[in-house]
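See below for the structure under consideration.
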């Protein structure tokens, strides 16, 4: 109790409590004003009491002691620790209505910060392991707290004296041996009422119950048991597992344990499957790890939880192997879906936790907007309280804790240092490459100058050779012309009595040259016309292809228009379906890893974060 009620001033009537909610310890402060069954004397009628004697008598008779309290009551008349605890617990949830009903395992989690597993009693396979854990219940360093609940149909309220749909606590486990040498495993169980209800309802009526034949004088002495209407009774382990449906096993954590956790939110699709968002767990020390996947506790913002209810499951595997190391899921028999967990023995390394979330719509829940309208007119103060609790709970996803901020800053510094180192190395490599390139360019320039000089000399020699050939050719042509003229003059017929016409040989040569020039021009003109015809044909082909392309584009545009029309029709159909049945659940969840390893870490990985994890692995290798 001192770990929960961390501070108090009894003279002033002020008490400070802490409770574990949604992965953190939440403090709250209350006074010692408690609700009573009976109102003050004369509160409803104007009654004259000059001496105050009637008022004092009324207060002593109806407003004193535990029996006068309206809610929780202690067995002792002068004890108030239980109603004060109940008041503080109701305060962090908003009101007393928010803590009505529930499972004992969830309450133990809130009080101790432990992790509860709900186990069907008829499905316990390793009973010896369970018994070893039960034996440690009443020890000083016990690691577990066990609770029981006997569930049944709504029209039945008892079973062998046990109150159905009611919580019980296991306070001791012991193995005894009778005079015949027969060993029996017994559990000491307590009803929180502290007494039986009408017709003895509340205590076990079978073997080892008060007054049964199993209680010999020797057994009463060994177990230090006393008969009475005190809510305490004994049962064998087999009878306990047969008559109670649920076994609530809560593992406690001391200073040896470290917890790493990370909150995230994710939309839930219509078809359930493992999410793209996954958790990366890094373990540095070998040992047992308790992995818990939880969602927000909706008790302290009831009526604003929305129309969806979520159930979760997950599996654990190594980053380097697809083999499943552990998994947990919400059973159809398990209505408590606030958190699921599994215990896995992990070696140093990196592990993936892949979550799967199922969403179910509850048509009976009113929409949030209707609740807001109702409270805004009827109880605006309550609406303000619920809204603040809702916003604080959902802000866990966006608010980083100090450890995570420190880790991110550290990683950022390492990344900047690494980038600076890469930049310096790149600059050095660039400078060395520039020096090598300059040396290579200088060598190339020398080779180029040498090559150009040799080429220039070679070109000059070729030009000179061509000129010599041309000169020789022109000289030969002039000599041939002279020889032709001489032959023509010799071959010309002599005309007696008449002289030959002057320049006749020159005119013939001139005509021949004109004919040759004209023939050459005709050939060049013909070649140009053929080239123009070929160009015209190519342009015609291009025009035809352009026309075909334009037709294809027009047809594509028409088909695109048709597709757009079809898409619009489909969108309209989808919109109409969404108007009929909207589906937009978003689940806020947290992965917590408890381990006896101070270096354990948890982070969220999405599709875009795997590259960063690879970079971190490279940094660690460096």
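Peptides 388-394, 440-446: what's the order by average Cβ count within 10 Å, highest mean first?
Answer by packing, highest mean first, reads 388-394, 440-446.
Order these peptides, 37-44, 362-369, 62-69, by their mean beta-carbon neighbour count within 10 angstrom, highest first.
Listed from highest to lowest mean packing, they are 62-69, 37-44, 362-369.
For the stretch 115-250, what's the relative contact order in percent, using C-alpha pairs closer than 8 Å and at least 6 residues apart?
Contact order relative to length: 34 percent.
Take the Cα gyration tensor of the stretch 190-327, multiply each eigenvalue by 5, square-root it, and list the three semi-axes largest first, rounded to whole angstrom.
45, 23, 15
Residue 374 versus residue 605, label points 7 Å from Cα toward the beta carbon: distance in nm?
4.5 nm
Would the stretch 315-453 count as rounded, prolate or oblate if I go by the C-alpha gyration tensor, calling it rounded below 1.5 in a/c and otherwise prolate when a/b exceeds b/c, oblate otherwise?
Verdict is prolate for the stretch 315-453.
Starting from 0.36 nm per residue, how many nanometres of slack lie between residue 61 and residue 236 once their C-alpha separation is accounted for?
Length gained, residue 61 through residue 236: 58.7 nm.
Quick check on the stretch 8-75: take the gyration tensor over C-alpha atoms, sort the square-rooted eigenvalues as a ≥ b ≥ c, and tell me if it's rounded (a/c under 1.5), prolate or oblate.
prolate
At a 10 angstrom cut-off on C-beta neighbours, averaged per residue, how do the peptides 84-91, 70-77, 103-110 rank from highest to lowest?
103-110, 84-91, 70-77
Apply the a/c threshold of 1.5 to the C-alpha gyration tensor of the stretch 115-250 and tell me whether it is rounded, prolate or oblate.
Oblate, since a/c reaches 1.5 and b/c is not below a/b.
Each reported figure results from applying straightforward, stated rules to the coordinates on display, with no laboratory input. Since we're looking at a predicted model, the values are computed, not measured. Here Cβ is always computed from backbone atoms with ideal geometry, including for glycine, and neighbour counts include all displayed protein chains.
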